[in-house]
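Nothing in this text is a laboratory measurement; each read-out follows from the coordinates by a stated rule. Please read these numbers as outputs of a predicted model, since none were measured by experiment. Cβ coordinates were reconstructed from backbone atoms using ideal geometry, including for glycine residues, and neighbour counts include every protein chain displayed.
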């Protein structure tokens, strides 16, 4: 993340922010105002404190917890944006627009692919020889989560 700073007579203020977005969506820059800054901070805290963006070893943690944590970001983001009001914007170069883009173009496709696979695995609860194949798929899923983690941290 790059930050543009203006110095005004012994006072430093944040003017612009540039950042790379997760899921290969690209990067964005925008001028900061107080409302967008507060909304961006709320969303940042929600993102970086989730189990899904922390290292998750194959035999540690719960994949279901990570999936639910990612899914709950939709409701959390809606609440943050609604509380901030229309001043956070919906344009591509606003906190609101960035948040909506990350949800719809990044997180939604990821969850649409992996949620049904996890549900199917949970329904079967494999044991014996079949468990190895499922474990390999879970390892792959964890690698994808690792990619998300690197995007957000």
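Separation between the residue 16 and residue 48 pseudo-spin-labels, each 7 Å from Cα along Cα→Cβ, expressed in nm?
Each label point is offset 7 Å from its Cα along the Cβ direction, giving 2.3 nm.
In nanometres, what is the gap between the two model label sites at residue 37 and residue 23, each 7 Å from Cα along Cα-to-Cβ?
2.9 nm
Rank these for me by crowding, 46, 79, going from fewest to most other beta carbons within 10 Å.
Working: 46 16, 79 12.
Ordered from fewest to most neighbouring Cβ atoms within 10 Å, 46, 79 come out as 79, 46.
Pull out the extension gain between residue 83 and residue 123, defined as 0.36 nm times the separation in residues minus the alpha carbon to alpha carbon distance; nm, one decimal.
10.6 nm
By counting other Cβ atoms within 10 Å of each Cβ, how are 49, 77, 101 ranked from fewest to most?
So the ranking, lowest neighbour count to highest, is 49, 101, 77.
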